[in-house]
Amino acid sequence: MPTGIPLWKIRREVRRLAGQVLGLPAKIADTPRRLREPARRAAHDRNFERVTRLTAGNVPLKGRIAILLIYQPAGVAVSTLMTCRWLVAEGYSPFLVSNTPLGDAGRKQLQTECWRLLERQNFGYDFGGYRDAILALGRLQLAPERLIVMNDSVWMPMSPDLMTRLETLAEKADIVGLLRDEKVRHDTAGGHPSERFHLESYFYLITKTALEHPAFQEFWETYQMTDFKPDTIKHGEIGFSRRMTKAGLRLEALTRRSMFLEHLATQDDAFLIKTLRYAAYADRDLEKAAARLAQRDPSETGWRAAAVDHIRRAVNRKRFNATFPYANDRIFGTIFMKKSAEPIFCAMRQGYLRALSDGELAAPPDAVLDEIRSITAARK
């Protein structure tokens with residue numbers, strides 16, 4: 001075994017290489033479809049009105065528009081209706097984009113909550129839907145003073161002051177997100193932050209300065225939507241932030257790992273104990289390290305330093321809000337929650353619900369809480 005390389009990293013690389021090998025036949029089989037994508041994109045744009053369905057909604061057009069992309073083939077979630085009503089209450093006209101055809105009942109439900117409803121095939125994932133909606137606004141010659149672009153992969157809002165916080169941050173930024181993903185250089189010391197980052201793509205608040213910037217327009221006019229997910233992440237989610245930053249636009253987020261660690265360092269030992277009590281792990285070595293830490297007396301010399309270092313190492317590998325839902329809530333407030341079926345997010349929801357049950361956290365809106373409980377019970 002090479003010296004100096006942590007065991008978790010070796011396991012991760014072995015799993016990654018095994019996944020690449022096992023996935024090679026599917027990747028090869030998928031090659032013809034990927035080669036056809038340029039023609040598919042051209043046909044999609046050429047026949048846009050025929051391959052999509054645009055329906056007028058009951059909400060009037062205002063100076064602020066919110067694009068909300070949904071993918072709910074099993075039916076419209078109650079929390080989606082709640083999100084639409086929140087957007088309207090905050091002065092936005094929802095432009096819903098469904099990446100799957102809707103039945104009459106679902107369409108009627110959504111019409112009452114939105115300004116426009118666009119139904120399209122699930123081509124290009126969320127960035128494909130974002131692209132179509134943004135270009136549609138351009139064809140309608142609409143220039144909103146604010147544009148929200150978001151999807152239904154998260155529950156939000158979970159706190160009533162979210163828009164106020166977003167608008168406050170937008171006073172000094174051109175594009176505002178919920179979470180800034182700061183890249184880490186992994187090493188035996190648990191990792192060190194780099195200068196690279198992107199805003200996670202489930203939510204953007206875009207100001208007029210950014211909307212009118214040539215780089216923003218060019219990104220969406222030239223974006224090549226694809227069903228190859230790694231390219232969607234690379235050229236869509238990561239590419240958007242990189243290109244907007246390169247163009248000189250200011251990108252900020254309400255939360256980020258560096259802020260989390262700064263706040264954590266100022267908390268007392270009781271806070272750290274609860275942070276670890278409600279922690280969520282998806283890696284065995286981190287779970288073992290947490291178990292060893294739990295066996296130590298917090299009054300013991302060195303415990304606090306060990307706890308802070310463990311938390312630092314954990315959030316350098318996984319999202320801070322997923323791994324430590326209690327601390328995330330107490331530091332930032334739980335402003336959103338991922339619906340993902342990935343093990344870390346399943347564990348996060350379990351930790352969050354335990355803290356909620358113990359009275360350590362304030363409850364989210366009923367519609368959100370019901371869905372969190374339901375999805376958590378189904379995936380245990």
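Rule-based calculations on the coordinates, nothing more; no lab input. On a predicted model such as this, the values are computed, not experimentally measured, just so you know. Glycine gets a Cβ as well: all are built from the backbone with ideal geometry, and neighbour counts include every protein chain shown.
Okay, here's what the table says:
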quantity: GNM result for the chain, Cα springs below 10 Å: residue of Leu142, Leu102, Leu166 fluctuating most strongly; calculated: Leu142
quantity: Computed over the range 45-252, Cα set: Rg, Dmax in Å; calculated: 17.1, 57
quantity: Relative exposure of Thr222, Thr83, judged by other C-beta atoms within 10 Å (fewest first); calculated: Thr222, Thr83
quantity: Descending semi-axes in whole angstrom, ellipsoid equivalent of the range 106-197, from the Cα gyration tensor; calculated: 32, 18, 16
quantity: Helix-only CD estimate at 222 nm, as mean residue ellipticity for the chain, using -39500 (n - 2.57) per DSSP H run (n ≥ 4); calculated: -15000 deg cm²/dmol
quantity: Helix axis angle, 7-35 relative to the chain longest principal axis, alpha carbon, degrees; calculated: 20
quantity: Rounded to 10°, Cα long-axis angle of helix 284-294 versus longest principal axis of the chain; calculated: 50
quantity: The range 129-280 - Kirkwood radius from inverse mean 1/r over Cα pairs (Å); calculated: 17.4
quantity: Fraction of alpha-carbon pairs over 16 Å apart in the range 267-378 - percent; calculated: 57
quantity: Angle between the chain longest axis and helix 125-139 axis [Cα atoms, degrees, rounded to 10]; calculated: 40
quantity: Selection from Ala367, Ser340, Gln350 lying farthest towards where the dipole of the range 252-380 points positive, charges on Cβ; calculated: Ser340
quantity: Extension gain (nm, one decimal) between Thr168 and Thr31, 0.36 nm per residue minus Cα-Cα; calculated: 44.7 nm
quantity: Rg in Å to one decimal, and Dmax rounded to a whole Å, for the chain via C-alpha atoms; calculated: 21.9, 70
quantity: Cβ-based exposure ranking for Ile233, Ile134, in which fewest neighbours within 10 Å come first; calculated: Ile233, Ile134
quantity: Ranked Val14, Val59, criterion: other C-beta atoms within 10 Å, fewest first; calculated: Val14, Val59
quantity: Ordering of 318-324, 110-116, 60-66 by packing [mean C-beta count within 10 Å, highest first]; calculated: 318-324, 110-116, 60-66
quantity: Under 16 Å between alpha carbons - lysine pairs in the range 45-252 that sit 8 or more apart or on different chains; calculated: 4
